[in-house]
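I have placed the structure first, in the form of C-alpha cells, so that the comments after it can refer back to it.
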Amino acid sequence: MLSPESLKKIDREIAKYPPDQKQSASMSALRIAQEEKGWLSSETIEFVAKYLEMPAIAVYEVASFYNMYDLSPVGARKITVCTNLPCALSGGVHAADYIKKRLGIDFNETTSDGKFTLKEGECMGACGDAPVLLVNNHHMCSWMTEEKIDQLLEDLKK
Amino acid sequence: MSSQGIILSGLDGDRTWRLADYIKRGGYEALRKIIAEKISADDVIAEVKKSSLRGRGGAGFPTGLKWSFMPRAFPGAKYLACNSDEGEPGTFKDRDILRYNPHSVIEGMIIAGYAMGCERGYNYIHGEIFEVYSRFEEALQEAREAGLLGKNILGSDFSFDLFAHHGYGAYICGEETALLESIEGKKGQPRFKPPFPASFGLYGKPTTINNTETFASIPYIIREGGDAFLALGKPNNGGTKLFSVSGHVNKPGNYEIPLGTPFADLLEMAGGVRGGRKLKAVIPGGSSAPVLPASVMMDCTMDYDSISKAGSMLGSGAVIVMDESTCMVKALERLSYFYFEESCGQCTPCREGTGWLYRVVHRIENGLGRPDDLDLLNSVTANIMGRTICALGDAASMPVQSFIKHFGDEFAFHIEHKKCLVPQDVQREGSKIYVA
C-alpha cells in the first residue's frame, strides 16, 4: 500500500524507539503515509496499523487527534494561515482575508480546480514572523505581505 | 534576534548552526570537562542547583531540584525528554534555539543524561516547525559521527543516545505527561499526577522533562560554573533568558537579556510601540498568563518574582504587546477560541467550559452580549480552575478573568452598546499587515 521508499523511512523511525515500542513510530508513520498519499484514508490508516502491529483504532485515534493529519482529501497545496492573537496583531487576519479573496474560497474549502485548500491554523510557534503560513504542513512562510502572497500563489500554481 | 546572553550570542542566523561552528564557540567543552575530570553526577546536579536555573518552559521550577528527584539506583532504563513543543501563542524562542544553535540543546541533554543516569533521550519538536525538526536530525547525525552520542561517549564508559520525535498539531502535547503519551504513539492526553514522571514516565520508567532553553543553558553552567550563571541574572532568578516579543512593536523577535531587566528597556529594544501609539496592555508570559495594563507593566522588571508580584506569570517569556488600537474583547475572543480548539476533551470542566468561554466572549464581541455575561464568564472559569487533570483549563481561564478584571469597562461597553469601544477603522489600521 505504501511505496518502498516510504516503508524505508518508517523503518528508520521505528529504529528510534526500544524494540518493544514500535507504536511510538505511529505519528511519523502517518506523516510519511500522508506525504505519499496526500491524505489519510481508512485503508492507509489500517495499513499503517498492520505495519506497526497495532490495532487500527489506536492508529485512527492518533490520526484524528492531531490536527495536521488530513482525514479527507485536500487540494494539491494546503495553505494554513495562523490567525491567533500575536499573528492577528500583525496582520494575520488581513493576510488570511487576502488569500481568501485571491483564491475565491473560505477556510476549509478547496478551489474547484483542486489546487488549493485553505485552513485556519493555531499557533505555529513563529509569532515574531507574523503573518505566518504553512504550505503542505512542512514549509513555513514568514512575513507574508500581499506581494509575497501573490508571489507564493504564482509559484505554487506551477 | 538580539542577545546579551549565552544561547543566541555570537550566532549568524542560518550560517552557524553546524557542529564545527558550535565547537568554535566553546561547544562540547562542558561535556569534555565532565568526562576528562570525571566529575560525578552529584556534582553536576549541585552545580545546576547553584546556578538557580529555573525551568524555561513556563513553570519556572528549579532545574537542579527537578534533576535530584530522579531515582539514583533504578534497575532498568531511565529516560530524558526535551519539550520543544512550543505552541503557546506568543512563544517562539525554542524554534530559534533549535535552528540556530541545535548543538547547545544536544550537549545540554547529554550532560543531563549523564547527571541522571539516563540511557536515552527524545526531543519532542512542535510539528509546525518541521524544517527545524529536519535540521535537528542533521545535527544529531553530526554529533553521532563525532562520537558525542551513542556508546562510550568520548571514549568513556558513559553511553547515551538521543532522537527527535515530532508533534503534528496539538498544543496539549506541551504538557509534560501528554508529551510522554505522544512519544508512546498515543493521543496526547495528560496523565493524572501523581505518579510524577520521575517515578513513572516514558514507557513507565523514570523520566525527566525539561524545556529546550533549559537544556541549552546547561553547557554554560558546567563550563563557567553555577555562580557565573547566577550572576548574569538576579538572586533566585539566575541567568539570562530569551523573551519572545510579538504584537504591536516595531521589531518583533527574540531578545536574550538578563533576568531582572526592566520591561521598559525590553520594549525599547523591540523598537517601541508601533506607529507612535500608546501602550495599552501586555501579556508578559504567553497567552495563558494574566494580562497586565500598561501602567502596571511599565513598573515591572522581567523576572519570575517581579511579574508574579504584579499578578501575572513570566511563563515562557512570551511578551505579547497590545497598543491602544486593540479591542480587548476581540483579543480575548481569539485566545478563548484557541483553548476551545485545543482542549483535549478528557476532563468535562475543560472540554465543556472552554466552549462556553469562547461562545460567550464571541457573542459579546458580536453585539449579542447579555447583561449578566460577565458574571457567567467568571462563574464558568471558577468551575474550570483546579478541577481538571492538567493546567490547560486554568490556562484558558486566567486570560478571561484578567481581561475582565482590568478591562471590564470595555466588556460592559460592548454589552451595553453592542459595539467596540475602539472604532473599527482604528482597530484595522493598528493590526494591518506589518513587516519590520
Take the alpha carbon atoms of the range B:53-113, find their center, do the same for the range B:277-298, and report the distance between the two centers in whole angstrom. 28
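Could you compute the FRET efficiency for B:S40 and B:N383, with r as their C-beta to C-beta distance and R0 at 41 Å, rounded to 0.05? Numbers along the way, then the final one.
Values: r = 50 Å, r/R0 = 1.21.
The calculated FRET efficiency here is 0.25.
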Name all residues of the range B:250-285 having a backbone nitrogen under 20 Å from the label point set 7 Å from the Cα of B:D299 along its Cα→Cβ direction, giving them as ranges. B:260-268, B:279-285
Please work out how much accessible surface A:K148 shows to a 1.4 Å probe, ignoring ligands, DNA and RNA, in Å² rounded to 10. 90
For the range B:256-373: relative contact order, % (alpha-carbon pairs under 8 angstrom, 6 or more apart): 22
Sequence gap at least 6, Cα distance under 8 Å: using those rules, report the relative contact order of the range A:77-157 to the nearest whole percent. 37
Would you calculate the separation in nanometres between label points at A:T111 and A:L156, each defined as 7 Å from the Cα along the Cα-to-beta-carbon direction? 0.8
Once label points are set 7 Å from the Cα along Cα→Cβ at both B:D372 and A:D97, what is their separation, rounded to one decimal in nm? 3.6
Label-point gap, in nm, between A:D20 and A:E147 - each point 7 angstrom along Cα→Cβ: 6.1
With the charge dipole of the range B:150-238 built from beta-carbon charges (+1 for Lys and Arg, -1 for Asp and Glu) about the Cα centre, the Cα from B:F160, B:G204, B:G225 projecting farthest to the positive end belongs to B:G204
Accessible surface of B:E324 - all protein chains present, 1.4 Å probe, nearest 10 Å²: 80
State which entries of B:K66/B:K330; A:K115/B:K419; B:K33/B:K186; B:K241/B:K280 exceed 28 angstrom in Cα-Cα distance in the structure shown. B:K66/B:K330; A:K115/B:K419; B:K33/B:K186
What does the accessible area per residue of the range A:4-65 come to in Å², with a 1.4 Å probe and no ligands, DNA or RNA counted? 48
Contour excess over end-to-end distance, with Cα ends at B:E145 and B:D227 and 0.36 nm allotted per residue: 26.2 nm
Placing +1 at every Lys and Arg Cβ and -1 at every Asp and Glu Cβ, with all other atoms neutral, what dipole size does the range B:78-220 have around its Cα centre, in debye to the nearest 20? 440
Measure of exposure for A:C141: accessible area at 1.4 Å probe, Å² rounded to 10, is 10
To the nearest 0.05, how large is the calculated FRET efficiency for A:I57 and B:F74 if R₀ is 41 Å and r is the Cβ-Cβ distance? 0.75
The correct ranking of B:K193, B:K405 by accessible area at 1.4 Å, largest first, is B:K405, B:K193
Leaving ligands and nucleic acids out of the surface, order B:Y124, B:Y171 by accessible area at 1.4 Å, largest first. B:Y171, B:Y124
Please get the size of the charge dipole for the protein assembly as shown, origin at its Cα centre, with Cβ charges of +1 on Lys and Arg and -1 on Asp and Glu, quoted in debye to the nearest 20. 400
Using alpha carbon centroids, what distance separates the range B:184-224 and the range B:11-37, in Å? 24
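If DNA, RNA and ligands are ignored and the probe is 1.4 Å, what is the ranking of A:H139, A:H94, B:H414 by accessible area, most exposed first? Intermediate values should be presented prior to the final figure.
Details: A:H139 90, A:H94 60, B:H414 0 Å².
Result, largest first: A:H139, A:H94, B:H414.
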Average Cα contact separation per residue, chain B, under 8 Å, 6 or more apart, as relative contact order %: 16
Sort the range A:4-65 into rounded, prolate or oblate with this rule: let a ≥ b ≥ c be the square roots of the eigenvalues of the Cα gyration tensor; rounded if a/c is under 1.5, and if a/c is not under 1.5, prolate when a/b is larger than b/c, oblate otherwise. oblate
Under a Cβ-only charge scheme (Lys and Arg +1, Asp and Glu -1), can you give me the dipole magnitude of the range A:77-157 about the Cα centre, in debye to the nearest 20? 160
Rounded to whole Å², per residue accessible area for chain B with a 1.4 Å probe reads 35
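The values are calculated or read from the model by the stated rules, or taken from the named source; none is laboratory data. Computed from a predicted model, the values in this text were never measured in an experiment. Note that each Cβ is placed from the backbone with ideal geometry, even for glycine, and that neighbours are counted across all protein chains shown. Heavy atoms of the whole protein, side chains included, go into the accessibility calculation; ligands, DNA and RNA do not. Shrake-Rupley method; radii C 1.70, N 1.55, O 1.52, S 1.80 Å.
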